[in-house]
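Below you'll find the structure, written out as structure tokens, and then a few comments.
The values are calculated or read from the model by the stated rules, or taken from the named source; none is laboratory data. From a predicted model like this one, the values you see are computed outputs, not experimental measurements. Here the Cβ positions follow ideal geometry from the backbone for every residue, glycine too, while neighbour counts run over all protein chains shown.
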Amino acid sequence: MSKELWVIRHSYKLSYEPEKWKKHPRYKENPFDEPLTDFGMALATEAGANLIKKSKDLKAGKITYIYCSPFTRCIQTAIQIIKEVKKVLKLDLKIIVVYGLGESIIKRPTISFQGSKIKPINPVSVSHRGSKKKWKSILDKKMSPANLKKRFKGYVTGVIAKPYGIETWREESERMFKAIKAVGDQKSSGIILGHTHTIDLAYNYYSGKTPVPSYTFGGSKDVCVTVGFEKKSKKWKMSHKPKIPSLKKKTTGRS
């Protein structure tokens, strides 16, 4: 008996268009919780269509949940995928928000694994905001469990873990990896939707290949990158190489 694990990065966010983002009401509340652009919404829909084509377990109705970071761009991406799945397969996926999948304002080293233990293989970079070794979480009240359930009513069906606080790159990586592994360890197939580091960690742990450098799948040209893993006979292997939906828009920047 086999099972699947799909890991997807969020779609094209408004901060890739800085002038528009700075004029958005959400920018004044939390400049790190960017929504998707209209292009991002369309690209997320395309990612959903690609997932339907690739996933045997999704077509067979064996996937129920998308385990998602609490950031707006991630939840919006998940919702567009859910809409496409419902349209094509008549299945009603739900979102479980997993705070462990959320990111912090931290630059990270490339990470490999010794078993399930994290091992950095290059020097640790400094924070995006300076030389601090720790940085406060970029979550706010609008991203609380109660508010997320209210804002995305009908889609968010559950919340796992409490919001996180101040942490180092290692604490963030261990938190995020723990959340990824928990989804991979469950009996049923699942979908994880998160950030650049989500893809980096999952790829480096499950693929069994040479670790990719940190931020390999980061930036506006890597939005909605999707990678698939399959477990047979207690061993995971990469079943679908990281793929990015076709971009029909010139994009710049990294995050």
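Listed values, structure above:
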{"read-out": "Number of the exception - SER2 against (1) of a type in the set (S, T, N, Q); (2) buried (at least 16 other Cβ atoms within 10 Å of the Cβ); (3) more than 17 Å from the chain's Cα centre (by Cα)", "value": "(2)"}
{"read-out": "Tabulated pairs, region 27-43, first farther than 23 Å from SER144 by Cα, second of a type in the set (D, E, K, R), C-beta under 6 angstrom, 6+ apart or interchain", "value": "PHE39/LYS249"}
{"read-out": "Hits in region 75-97 - residues which are within 10 Å of the chain's Cα centre (by Cα) and farther than 15 Å from LEU51 by Cα", "value": "ILE75"}
{"read-out": "Scan of region 2-26 for residues that are touching a residue at least 12 places away in the same chain (Cβ under 8 Å) and assigned to a loop (DSSP other than H, G, I, E, B), ordered by number", "value": "SER2, HIS10, SER11, TYR12, GLU17"}
{"read-out": "Selection status of ALA42, at pLDDT 95 or above, part of a helix (DSSP H, G or I), hydrophobic (A, V, I, L, M, F, W, C) and surrounded by fewer than 20 Cβ atoms within 10 Å (Cβ to Cβ)", "value": "yes"}
{"read-out": "Per-region count, region 60-107, residues in contact with a helix residue (DSSP H, G or I) (Cβ under 7 Å, 6 or more places away or on another chain) and among the small types (Gly, Ala, Ser)", "value": "3"}
{"read-out": "Test: residue in region 53-70 that is farther than 21 Å from ALA202 by Cβ and of a type in the set (Lys, Arg)", "value": "yes"}
{"read-out": "Among (1) out of contact with any Leu (no Cβ under 6 Å at 6 or more places or on another chain); (2) closer than 27 Å to ARG175 by Cβ - the single one GLU19 does not satisfy", "value": "(2)"}
{"read-out": "Residue check for GLY61: at pLDDT 95 or above and in a helix (DSSP H, G or I)", "value": "no"}
{"read-out": "Qualifying position, being over 13 Å from the mean Cα position of the chain (by Cα), closer than 23 Å to SER246 by Cα and polar (S, T, N, Q), among THR45, THR72, THR64, THR110", "value": "THR45"}
{"read-out": "Residue in region 149-157 that is in contact (Cβ under 8 Å) with a residue 12 or more places away in the chain and assigned to a loop (DSSP other than H, G, I, E, B) present", "value": "yes"}
{"read-out": "Criterion: in contact with a Lys or Arg (Cβ under 7 Å, 6 or more places away or on another chain) and in a strand (DSSP E or B) - qualifying residue of LYS231, LYS237, LYS241", "value": "LYS231"}
{"read-out": "Candidates LEU201, LEU193 - the one that is among the aliphatic types (A, V, I, L, M), touching a Cys at 6+ places or on another chain (Cβ under 6 Å) and touching a residue at least 12 places away in the same chain (Cβ under 8 Å)", "value": "LEU193"}
{"read-out": "Filtered residue count, region 91-125, keeping only those that are among the β-branched types (Val, Ile, Thr), over 16 Å from MET176 (Cα atoms) and part of a loop (DSSP other than H, G, I, E, B)", "value": "2"}
